[in-house]
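In what follows, a single structure is set out as structure tokens and then discussed.
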2 protein chains.
Amino acid sequence: MTDLNLMGQRASEARYQLQRARTYDKNRVLIRAAELLRERRETLLLANAEDIAAGEAGGMHSGLLDRLRLTDARIEAMAEGLLQIAELPDCIGEVLERFDRPNGLHIEKRRVPLGVIGIIYESRPNVTADAFGLCFKTGNAVILKGGSDAIHSNVAITGILREALRQSGITEDAVQLIEDTDRSVTAELMKLNRYVDVLIPRGGAGLIRSVVENSTIPVIETGIGNCHVYVDKAADLEMAAEIIINAKTQRIGVCNSCESLVVHRDVKDEFLPVLARSLRENHVEMRGDEEACKLIQDCVPASEEDYGREYLDYIISIRTVDSLEAAIAHINQYGTKHSECIVTGDEEAAARFLNEIDAACVYVNASTRFTDGFEFGFGAEIGISTQKLHARGPMGLKELTSYKYTVVGSGQVRP
Amino acid sequence: MTDLNLMGQRASEARYQLQRARTYDKNRVLIRAAELLRERRETLLLANAEDIAAGEAGGMHSGLLDRLRLTDARIEAMAEGLLQIAELPDCIGEVLERFDRPNGLHIEKRRVPLGVIGIIYESRPNVTADAFGLCFKTGNAVILKGGSDAIHSNVAITGILREALRQSGITEDAVQLIEDTDRSVTAELMKLNRYVDVLIPRGGAGLIRSVVENSTIPVIETGIGNCHVYVDKAADLEMAAEIIINAKTQRIGVCNSCESLVVHRDVKDEFLPVLARSLRENHVEMRGDEEACKLIQDCVPASEEDYGREYLDYIISIRTVDSLEAAIAHINQYGTKHSECIVTGDEEAAARFLNEIDAACVYVNASTRFTDGFEFGFGAEIGISTQKLHARGPMGLKELTSYKYTVVGSGQVRP
């Protein structure tokens, strides 16, 4: 039986040590953890082999098995990730604002850790090291609940992270893994308000929905992307085709890939047949409205539901519109507030699109695939927020922090 | 039957108009609403009289009746509040960051409205105008669910606000009041994720707990304060007494008042008997640990539960501690992360307290009663957040906003 209250208490105590930890000491832990991941490569591969064997025996399909699998390269990438986090500046303690009140109170707004972060994730074991690295660098204690598929790998990785902490004289409870794979434990974690400040789910739509619906702890919703590319009447059509092919096919199965195409009717006759050839060459199935189906022979009629879907697959929906306004309305209706793009040479149309589209990242003439912490230059990423509270879009280290006001007086009382 | 989906849809449409609204037009609505509140004073008083009569008939106790009552002065204060909001700068559209990536992408982080805000509140009808003013100035559409006690007053006030919108050519759906007083409607509102971006409960602990536990929409938790004053061994004891009396008694029943006193043992003998006299004069009941009871004749033994309570009454709990560390541990254990104060002349102790206490506002030598949007100079306040996500402490206009990234390229695709 997992005693979540005990884990919560430990995390809560750890956080006080972490919020005082010096940057130097935090970086030492990250570097030591990277070394240990490399040194213990064999152990990690063995643990992972158990998960893979269980997955194969259970009939797990190849895509999931691939996510689950650790390789030398992936272990090296985990180690490298921790070293990169060590290189990033420590934002904790930063004074964000400073002001004096007429009554002499001196107020500062200082950046502080969130406290205790709960991360609920699915099969990829590298999340264990990544999430720890980001939370730890920002002075947060973390409680991890990984997928049951990856339990052996996650136990092995967490063991190494805790060893690095121990060797550096910092509390091991900076990271704790819930080893119990029972789903009821996840349900219990989602109600651990007393100890956990924030929950971040990382995984598919089902996981995220479940956390949003059941958590009483504040949640940062991440990662569902029904991203659109809108080809305006003033678009450079060659550029539009390149952006669409890139956004759709450069990597399938990621939240910032394009799932839906919106085309202005003035350019549809010229554009759609040409684009269709490229999509076909890239094995992309097309599902469109009547106009699209007229122009593209092998286009399947799209159902209403298609426009709202995140396919994560070689499928794209196509909608033709009569105006920029109609394109904006369509995207705001069906989008998931993730990443949306307009291709246009018309500055006014671009400005309207940027203003009126309600999404974390709005693009003019660039692929939606750039919505990513590394591509934005944050040096790290814990996920992409699709909610509007706290953080929006790619979340790096700063998005794992809060602030407090410190108020220094000389005996002031309120009249 | 209230059709919440329809209200959500209307709010959602209104928000697109609001996010484009010019500052001038928003201010015009606020000024017109203030004028109308003044002009319709009689109508408002009549509507309020119905609520008061129903309250009296239902045996509502005098404190609640007082909160519910509108007077000329309170109507004037509502109007004045809207005019003040009109005077405040409009932060929407502000560019918070601006950076170029090596691939030529130009990224801006721009301040935008949250979108649709739901506010669930209790008996004070002035919240109707205040909440509208703050949400509207920041370009948000708002759906209000007030207490059933205040329904006639809220309907009258909302009618005036909508009239001001209509007269100014802006969609009335910028503010909608749920008139159905059935509790099931509140439950439904808390699940209206499709249309509502954020829920803010304003009221007592019961209301806030219910929203936190039942909402699937992101919530900003506000207002529960079990605030402590810690009297360090290096405290100026006269200053300490003044701060405690002010924080405890200047206004009872508010979240930033002091509920609990922590005293270092080195000063307890000298301090507690003197302080007790002042507390007694102010009719404050004392509940303390063994040491406190030894020194204060009429001090009642405190139960474990007392240390965690937000009395909102003429009661204070008293705990003696052996060290600064013990004081910090006690406060972090029992506090509600609202406002905590140390009284000390020792800079090192002050610095440790500021760093290690986990609360929205941490004070040195000043009353906790200053945790307030106006006292902080924000010019307005929607509430005091006690969570760490998004906003912490007093929330003014900026805390009702989010941001989006706009990314402008020239055909960039991801390699």
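A compact table of results
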| read-out | value |
| --- | --- |
| Condition met for B:Asn214 (surrounded by fewer than 17 Cβ atoms within 10 Å (Cβ to Cβ), in the same structural domain as B:Leu312 (by TED's automatic domain parsing) and polar (S, T, N, Q)) | no |
| Some residue of region B:373-385 being charged (D, E, K, R) and either assigned by TED's automatic domain parsing to the domain that holds B:Asp197 or touching a His at 6+ places or on another chain (Cβ under 9 Å) (or both) | no |
| Residue list for region A:39-63, restricted to those being closer than 26 Å to A:Ala86 by Cα and touching an Asp or Glu at 6+ places or on another chain (Cβ under 7 Å) | A:Arg41 |
| Helices (runs of 4 or more DSSP H) completely within region A:22-113 that count 1 or more residues being within 30 Å of B:Gly393 (Cβ to Cβ) and touching a helix residue (DSSP H, G or I) at 6+ places or on another chain (Cβ under 8 Å) | A:23-39, A:72-87 |
| Among residues of region B:114-131, those that are assigned to a helix (DSSP H, G or I) and of a type in the set (Val, Ile, Thr), counted | 2 |
| Qualifying residue in region B:164-183 (condition: farther than 13 Å from B:Ile119 by Cα, surrounded by fewer than 21 Cβ atoms within 10 Å (Cβ to Cβ), within 11 Å of chain A (Cβ to nearest Cβ) and not β-branched (Val, Ile, Thr)) | no |
| A:Leu207 of a type in the set (A, V, I, L, M), in contact with a helix residue (DSSP H, G or I) (Cβ under 6 Å, 6 or more places away or on another chain) and more than 9 Å from chain B (Cβ to nearest Cβ) | no |
| Considering residues of region B:251-270 that are under 23 Å from the mean Cα position of the chain (by Cα) and of a type in the set (Val, Ile, Thr) only, the residue nearest to B:Thr368 (Cα to Cα) | B:Val254 |
| Number of the exception - B:His152 against (1) modelled with pLDDT under 95; (2) more than 19 Å from B:Asn5 (Cβ to Cβ) | (1) |
| Residue in region B:299-307 that is within 16 Å of B:His228 (Cα to Cα), of a type in the set (Gly, Ala, Ser) and either surrounded by 13 or more Cβ atoms within 10 Å (Cβ to Cβ) or in contact (Cβ under 8 Å) with a residue 40 or more places away in the chain (or both) present | yes |
| Only one of A:Asp90, A:Asp100, A:Asp25, A:Asp51 that is closer than 20 Å to A:Ile117 by Cα and at pLDDT 95 or above | A:Asp90 |
| Segments classed as strands (runs of 3 or more DSSP E), wholly inside region A:296-415, with at least 3 members that are within 11 Å of another protein chain (Cβ to nearest Cβ), at pLDDT 95 or above and more than 30 Å from B:Ala241 (Cβ to Cβ) | A:339-343, A:361-366, A:401-412 |
| Matching residues in region A:245-289 - criterion: being more than 14 Å from chain B (Cβ to nearest Cβ) and modelled with pLDDT under 95 | A:Gly253 |
| Wholly within region B:132-215, helices (runs of 4 or more DSSP H) carrying at least 3 residues that are closer than 18 Å to B:Met395 by Cβ | B:205-214 |
| Residue that is farthest from the other protein chains (Cβ to nearest Cβ), among those in region B:1-31 that are of a type in the set (Ser, Thr, Tyr) and in contact (Cβ under 8 Å) with a residue 12 or more places away in the chain | B:Thr2 |
| Positions within region A:2-39 being within 20 Å of A:Val198 (Cβ to Cβ) and small (Gly, Ala, Ser), in sequence order | A:Gly8, A:Ala11, A:Ser12, A:Ala14, A:Ala21 |
| Options A:Ala150, A:Ala86, A:Ala156, A:Ala73; residue that is without any contact (Cβ under 8 Å) to a residue 12 or more places away in the chain and either in the same structural domain as A:Thr216 (by TED's automatic domain parsing) or surrounded by fewer than 22 Cβ atoms within 10 Å (Cβ to Cβ) (or both) | A:Ala73 |
| Residues being closer than 19 Å to A:Val116 by Cα and out of contact with any Gly (no Cβ under 8 Å at 6 or more places or on another chain) - total across region A:28-42 | 1 |
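One line per residue, one yes/no per condition, for (1) within 16 Å of the chain's Cα centre (by Cα); (2) closer than 20 Å to B:Leu400 by Cβ; (3) β-branched (Val, Ile, Thr):
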site: B:Lys137; (1), (2), (3): no, yes, no
site: B:Thr158; (1), (2), (3): no, yes, yes
site: B:Ile200; (1), (2), (3): yes, yes, yes
site: B:Tyr230; (1), (2), (3): no, no, no
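The values are calculated or read from the model by the stated rules, or taken from the named source; none is laboratory data. This one's a predicted model, so the numbers in the text were calculated from it and none came from an experiment. With ideal geometry, Cβ positions are generated from the backbone for all residues, glycine too; neighbour counts draw on all protein chains shown.
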